[in-house]
1. When you scan the range B:456-473, do you find a residue that is part of a loop (DSSP other than H, G, I, E, B) and either more than 7 Å from every other protein chain (Cβ to nearest Cβ) or at pLDDT below 95 (or both), even just one?
2. How many residues are free of Cβ contacts under 8 Å to residues at least 12 places away in the same chain and away from every other protein chain (no Cβ under 13 Å) if we restrict to the range B:302-318?
3. Out of the residues in the range B:361-412 that are of a type in the set (D, E), farther than 19 Å from B:A349 by Cβ and more than 14 Å from chain A (Cβ to nearest Cβ), which is surrounded by the most Cβ atoms within 10 Å (Cβ to Cβ)?
4. Can you tell me which of (1) touching a helix residue (DSSP H, G or I) at 6+ places or on another chain (Cβ under 8 Å); (2) touching a residue at least 60 places away in the same chain (Cβ under 8 Å); (3) open to solvent by less than 40 Å² (accessible area, probe 1.4 Å); (4) closer than 18 Å to A:V242 by Cα is the one A:Q294 doesn't meet?
5. Residue pairs, Cβ under 9 Å, 6 or more apart or interchain, first in the range A:232-257 and within 20 Å of B:S259 (Cβ to Cβ) and more than 10 Å from every other protein chain (Cβ to nearest Cβ), second outside any helix (DSSP H, G or I) and among the charged types (D, E, K, R). List them.
6. Taking the options B:G481, B:G476, B:G446, name whichever one is small (G, A, S), within 11 Å of chain A (Cβ to nearest Cβ) and on the phi > 0 side of the Ramachandran plot.
7. Could you run through the range A:174-197 and say how many residues are outside any strand (DSSP E or B), hydrophobic (A, V, I, L, M, F, W, C) and farther than 28 Å from A:E267 by Cα?
8. May I ask you to say which residue of A:M109, A:M39 is farther than 27 Å from A:A137 by Cα, away from chain B (no Cβ under 14 Å) and in contact (Cβ under 8 Å) with a residue 24 or more places away in the chain?
There are 2 protein chains.
Amino acid sequence: MAAPAAVAADSTAPTADAALDRIRTIVGPKGWTDDAEAMRPHLEDWRGLFKGKARMLVKPATTEEVAGVVAACHDAGIPIVPQGGNTSLCGASTPDDAGDGIVLSLVRMNRVRDLDADNYTLTVEAGCVLADVQAKAADADRYFPLSLAAEGSCMIGGNLSTNAGGTNVLKYGNARELVLGLEVVLPDGRIWNGLRGLRKDNTGYDLKQLFLGAEGTLGIITAAVLKLFPKPTDVRSAFCAVPNVAAAVTLLGRARAESGDAVETFEFMPRLVLDLVLKHFPDTQDPLQERYEQYVLLELVSTASGESDLAAKLEAILESAFEDGLVLDAAISQSEGQRQEFWKLRENASEAQKLEGASIKHDVSVPVSRIAEFYDAAWERVQQVDGACRLVGFGHVGDGNLHYNLQAPEGSDGKAFLAKWEDFNRAVHDVVVEMGGSISAEHGIGRLKREELAHYKDPVSLDLMRTLKAALDPKGIFNPGKVI
Amino acid sequence: MAAPAAVAADSTAPTADAALDRIRTIVGPKGWTDDAEAMRPHLEDWRGLFKGKARMLVKPATTEEVAGVVAACHDAGIPIVPQGGNTSLCGASTPDDAGDGIVLSLVRMNRVRDLDADNYTLTVEAGCVLADVQAKAADADRYFPLSLAAEGSCMIGGNLSTNAGGTNVLKYGNARELVLGLEVVLPDGRIWNGLRGLRKDNTGYDLKQLFLGAEGTLGIITAAVLKLFPKPTDVRSAFCAVPNVAAAVTLLGRARAESGDAVETFEFMPRLVLDLVLKHFPDTQDPLQERYEQYVLLELVSTASGESDLAAKLEAILESAFEDGLVLDAAISQSEGQRQEFWKLRENASEAQKLEGASIKHDVSVPVSRIAEFYDAAWERVQQVDGACRLVGFGHVGDGNLHYNLQAPEGSDGKAFLAKWEDFNRAVHDVVVEMGGSISAEHGIGRLKREELAHYKDPVSLDLMRTLKAALDPKGIFNPGKVI
């Protein structure tokens with residue numbers, strides 16, 4: 001295992017073995033392992049696309065321990081892959097094959113440090129599971145709106161490091177917008193304490209922005225002050241059949257206007273998504289009696305106290321949309337249980353795709369005004385690559401974000417399909433970029449899209465990114481090979 | 001006029017005179033002046049605290065011209081002070097006394113480049129006046145929520161460069177949250193084109209965050225894609241007398257909950273603010289018959305189509321608050337004209353203070369949960385400095401942001417009062433920092449608070465800021481002497 005060049009040239013640098021000894025002392029016996037079996041789940045990603053190696057899995061329990069571990073690695077030039085719930089969809093949280101680094105898991109840093117209900121803030125450590133963060137806010141009659149399919153296992157540190165999106169961005173913004181303060185361990189082992197719960201703070205550069213969405217390449221987020229909101233007092237969902245994507249976008253605009261911007265989620269899915277979920281999750285069912293080609297899961301939320309008029313609002317919106325042909329049929333949830341049934345159809349979409357076989361994901365966004373045009377234009381381009389491929393294009397139409405996923409032809413050889421990966425990427429991403437869109441809307445870059453980023457991003461952006469990386473992590477030890 | 005050290009050492013650098021010639025050629029006769037009279041308003045700040053010198057005032061008409069001017073300055077090592085509406089309250093947009101640089105005004109870059117109503121985005125150049133931006137959005141039945149007292153003259157480029165706050169942050173966030181894309185000229189004259197109108201884009205580091213709130217020290221913002229919102233269909237304002245700051249904070253929480261988070265603004269002001277405005281603006285009047293010690297301007301907004309229940313909501317909130325002693329008396333606006341009357345009382349607060357004589361501003365924030373405690377604790381500390389000083393502590397209680405301003409004793413010598421400037425600063429800012437607050441909530445740092453920042457900010461933050469500055473602007477030509 002060759003040491004990185006920068007270190008080889010420095011004869012005073014400690015050896016890797018000495019550094020690992022130092023780390024073991026810092027974190028104690030509960031804080032590390034090099035057992036192959038224990039390490040395995042930390043060395044490969046959720047989809048099984050990336051498998052790597054590491055010298056050791058390190059699990060510090062405190063910020064000071066993280067800082068100590070990083071300092072040891074910095075001195076010896078040992079690469080570090082920070083890891084939360086390891087639910088990345090682009091290989092951002094697993095190491096490469098070199099095996100010369102460590103995986104630093106934040107799993108033991110899962111304390112709630114402070115809850116200030118009057119300030120609408122919650123201070124948590126990076127290893128808190130997202131669902132637990134949501135629950136903690138709810139206990140205090142508050143709401144933390146970040147919500148995504150992996151919420152039962154992903155961790156808030158990873159959510160922030162990847163600027164996670166999810167289903168509530170339309171109303172509440174991305175993860176970036178839900179953070180007031182951060183605590184970060186820098187690549188040289190120093191701790192940056194930016195844990196402040198302020199709505200307004202213009203004292204110089206907003207340093208936390210550097211680390212949000214940087215996928216652990218510039219700093220390791222160890223804790224955060226999260227922004228809370230009033231807890232919803234009423235939520236109503238409708239599962240609607242719509243004639244096409246354009247109608248869905250029009251429906252969104254009307255629902256926003258007529259409800260007074262009460263639309264919390266607006267998820268589009270074609271029939272194929274429903275079919276795959278119904279097939280692979282036998283406890284789910286089609287909410288509508290007839291079969292349609294496209295659907296929208298629309299959810300209104302109210303935080304007002306007193307009697308709610310949300311159900312009436314939703315009915316009125318759907319009625320007028322039905323009259324104008326924007327909605328073909330719809331079911332409104334009559335209970336929380338039924339609402340959860342609707343959500344199962346959406347939340348199991350990724351898992352169903354995985355169970356169905358080979359698929360290629362495109363997590364893209366375009367301006368909302370162009371989403372219908374994009375949907376068709378990209379499909380034309382994709383069919384030129386493989387006419388038999390199946391389109392699983394679903395997602396957060398309200399944010400212009402589609403998971404424009406491609407599924408191998410039914411019963412086909414996945415390998416032949418996956419061999420065209422790059423051609424499919426080119427087909428979809430070319431259209432995205434032509435429309436001023438993004439080739440990674442919410443999943444990030446990681447290893448999966450690093451080459452794509454280099455291909456599509458303009459040279460000035462790439463140069464600025466490299467400048468930041470070199471300035472903050474000159475030794476390049478934080479999550480090497482990711483993003484840039 | 002000594003050339004900067006970096007340039008003196010570089011014998012191949014063009015002379016300043018040659019660079020100025022190059023600039024004159026780039027921008028043409030309409031694009032520059034060195035006439036003393038024409039330059040005067042650009043060399044001093046609105047409050048008259050800072051007066052400086054410059055070789056030339058340059059007014060490029062396009063991004064390419066800005067880039068050309070910056071490249072010429074970069075090559076010759078000439079400092080540049082970017083300037084929008086020059087409404088900074090901390091001396092961020094005027095040059096210092098050295099007189100070796102230029103002022104680069106964005107005033108001629110005031111085009112609207114694109115309006116995409118379906119995408120809820122507006123693309124404007126930096127020199128657009130904020131009020132014009134608001135109007136342009138309104139013309140398209142959309143809403144741009146950034147609103148502050150200087151909106152008739154401040155420019156959007158400056159608003160973004162300073163991450164402006166204002167009266168609508170509670171509901172819509174700071175200027176930073178209202179931007180989807182930026183176009184920026186970098187310190188070496190390259191153009192970074194990040195003009196994308198996407199709600200979700202995780203393709204690497206979010207570079208625009210670097211320039212938002214950096215006060216022109218890292219890049220010159222030339223254009224931006226702004227986020228629009230549904231246009232309010234109804235707005236109702238109440239001018240309320242409250243017993244104290246704590247009651248105001250409680251009222252805020254209740255109004256948010258009972259209205260379904262429809263509170264757009266929540267402005268606190270003590271009687272003295274009202275007295276000063278009534279005194280210096282004879283066309284204003286007290287909305288209430290009796291005299292009270294503290295007031296809140298509360299505004300609810302609705303974007304729902306159809307019949308509005310906002311007036312009834314506001315009445316119900318005030319009635320129950322009155323019963324519980326949180327509100328002593330209140331007037332509800334019965335017309336848009338009356339609403340504007342209420343706003344005059346708030347928006348002329350700064351100007352009235354100026355007309356009244358010497359004052360010292362403290363634009364601070366603390367967690368909302370501590371604002372009442374802060375209000376009293378800081379006052380105690382201030383009175384130890386000067387028992388006769390008057391407190392003009394008003395502002396955006398909903399964001400934890402107070403303009404905790406101090407006014408010289410009535411009829412007193414302003415000079416004696418201003419001589420204690422540093423002692424007053426220390427009194428207020430010490431309490432702010434003890435409570436985890438910010439010594440500059442929305443105005444920024446500029447020249448005014450540079451020393452304060454160095455005093456209060458932790459060394460790691462300062463070092464990170466210097467690292468960024470050195471990485472992006474190694475010659476230090478962008479807005480030197482500001483922020484850090």
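1. yes
2. Matching residues across the range B:302-318 total 0.
3. Among residues in the range B:361-412 that are of a type in the set (D, E), farther than 19 Å from B:A349 by Cβ and more than 14 Å from chain A (Cβ to nearest Cβ), the one surrounded by the most Cβ atoms within 10 Å (Cβ to Cβ) is B:D386.
4. So the condition that A:Q294 fails would be (2).
5. These pairs meet every condition: A:V235/A:E264; A:V235/A:E299; A:R236/A:E299.
6. The match here is B:G446.
7. So the count comes out to 2.
8. Answer to the selection: A:M39.
The values are calculated or read from the model by the stated rules, or taken from the named source; none is laboratory data. Just so it is clear, the structure is predicted and the values come from calculations on it, not from any experiment. Cβ sites come from the backbone with ideal geometry, for glycine too, and all protein chains shown count toward neighbours. Areas reflect the complete protein model, heavy atoms only, side chains present, ligands, DNA and RNA absent. Shrake-Rupley method; radii C 1.70, N 1.55, O 1.52, S 1.80 Å.
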